[in-house]
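Below: one structure, written as C-alpha cells.
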Amino acid sequence: MVFSYRFTGDEWAVGRIEIFNPIGQRTQMQEIRGSPGSEVILRIDHFPQGNYFLIFRRADGVIVGERFVIFRGF
C-alpha cells in the first residue's frame, strides 16, 4: 500500500514530509525535492489500521497538512 501526493503549482517543492499516528508520534519522515507536477510516493503498508496525519514542511516555512485513514477491509 502506498500514499501518493502530487505537487501542483509552478515552483519546486523542497522540504520534509512527516506522517504522524493517532497519538501524535512521528512514524515516518522523508526529505523531498519535487519539481512542479511531480509525485511523491510513500510506502505505508507497514502501518496499522487507523487515522494518520501527513505534514509537509516546506523549506520556506510554509506548513501543509492532510489527514488520511488506513482501513484494511472486509
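Every number in this text was worked out from the coordinates using simple rules, so none of it is lab data. All values derive from a computational prediction rather than experimental measurement. Every residue, glycine as well, gets a Cβ built from its backbone with ideal geometry; the counts of neighbours run over all protein chains shown.
Look at the dipole of the chain built from charges on Cβ: of F20, Q49, G61, the Cα furthest out on the positive end belongs to Q49.
Once backbone amide H atoms are built at 1.01 Å from N, Q28 has I19 as its partners under 5 Å, excluding neighbours fewer than 5 places away on the same chain. Normalised by residue count, the chain yields a Cα convex hull volume of 90 Å³ per residue.
Within the shell defined by Cβ-Cβ distances under 15 Å, the residues around F7 carry a net charge of -1, with Lys and Arg each +1 and Asp and Glu each -1.
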